[in-house]
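To keep things clear, I will list the structure first and then write my remarks on it.
The values are calculated or read from the model by the stated rules, or taken from the named source; none is laboratory data. Keep in mind the model is a prediction, meaning the values are calculated, not measured. Note that we place each Cβ from the backbone using ideal geometry, even for glycine, and neighbour counts take in every protein chain shown.
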Amino acid sequence: MGYTVKELFRTLQGEGANTGRVAVFCRFSGCNLWSGREQDRSNGSGGCSQWCDTDFVGTDGIGGDKFEDAKSLADAAWSVWGHPECENYRPLLVCTGGEPLLQLDEALVKAFHKRGFEVAIETNGTRPVPKGVDWVCVSPKRGAELVVALGDELKLVVPQQGFDPGQFEALDFTHRFLQPKDGPGAREALLFALGYCLEHPQWRLGLQSHKFIGIS
């Protein structure tokens, strides 16, 4: 099986429980909730098409390419990591998108592990997670069926019409974040998230720190 990757780059994780940790990001092309093209924003099936700010179309990003097999992609990710001298440290590789679970499979997870990576995913939770993934972050989307009901991190972008954070509190996640929606209405979104966290302390405020410091 081949893999189509929009971007493959090293940066700091800017969100969630791993904020500040150096990581290789593997951004897969494609999503199952909308095409990623501006003309299709109104046709998305997950609500997120109205506010998604991620480019996951094609292979023209930094390090983007089509990889013929799991080994070639894992080798490319290791080259991007660039720190083979870091002994007794397991580097983090974040699989994101788009929707990474359209492509990430058990063979690729094993190839990443063979290279020494800790494998994390950032998913909309609409597809099953392959065996071996070390860190699962799920971000549910309005109107999309949620099939991943447990993991390490639940990240709910707010506000989403018809979405109450309380409906997700029975799910089995170690960390829970409310992330204010970026773009128009960002201030109101922040105030909503702040207020909800103060009244429901099982939730934490999730901020996109990479945008504050100007990195990808």
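Among the residues of segment 42-85, the ones that are without any contact (Cβ under 8 Å) to a residue 24 or more places away in the chain and either among the hydrophobic types (A, V, I, L, M, F, W, C) or part of a helix (DSSP H, G or I) (or both) come to 7 in all. If you go through segment 102-140 and keep only what is within 18 Å of Leu171 (Cα to Cα), in contact with a Leu (Cβ under 6 Å, 6 or more places away or on another chain) and either assigned to a strand (DSSP E or B) or of a type in the set (D, E, K, R) (or both), you end up with Thr123, Arg127, Val138. Taking segment 13-42 as the search range and keeping residues that are touching a helix residue (DSSP H, G or I) at 6+ places or on another chain (Cβ under 8 Å) and of a type in the set (Val, Ile, Thr), which one is surrounded by the fewest Cβ atoms within 10 Å (Cβ to Cβ)? Residue satisfying both the conditions and the ranking: Thr19.
Contact annotation: residue pairs with Cβ atoms under 6 Å, 6 or more positions apart or on different chains, pairing a residue in segment 149-178 that is surrounded by fewer than 19 Cβ atoms within 10 Å (Cβ to Cβ) with a partner that is among the charged types (D, E, K, R) and at pLDDT below 90, are Gly162/Arg142; Phe163/Arg142. Six or more apart or on different chains, Cβ atoms under 8 Å: show the pairs whose first residue is in segment 1-20 and touching a residue at least 60 places away in the same chain (Cβ under 8 Å) and whose second is of a type in the set (Asp, Glu) and part of a strand (DSSP E or B). Going by the 8 Å Cβ cut-off, the qualifying pairs are Val5/Asp65; Leu8/Asp65; Gly16/Glu153; Ala17/Asp152; Ala17/Glu153. Taking the criterion of being closer than 30 Å to Glu87 by Cα and acidic (Asp, Glu), the residues of segment 99-127 that qualify are Asp105, Glu106, Glu118, Glu122.
Scanning segment 23-34 for residues that are over 15 Å from the mean Cα position of the chain (by Cα) and farther than 15 Å from Lys141 by Cβ turns up nothing.
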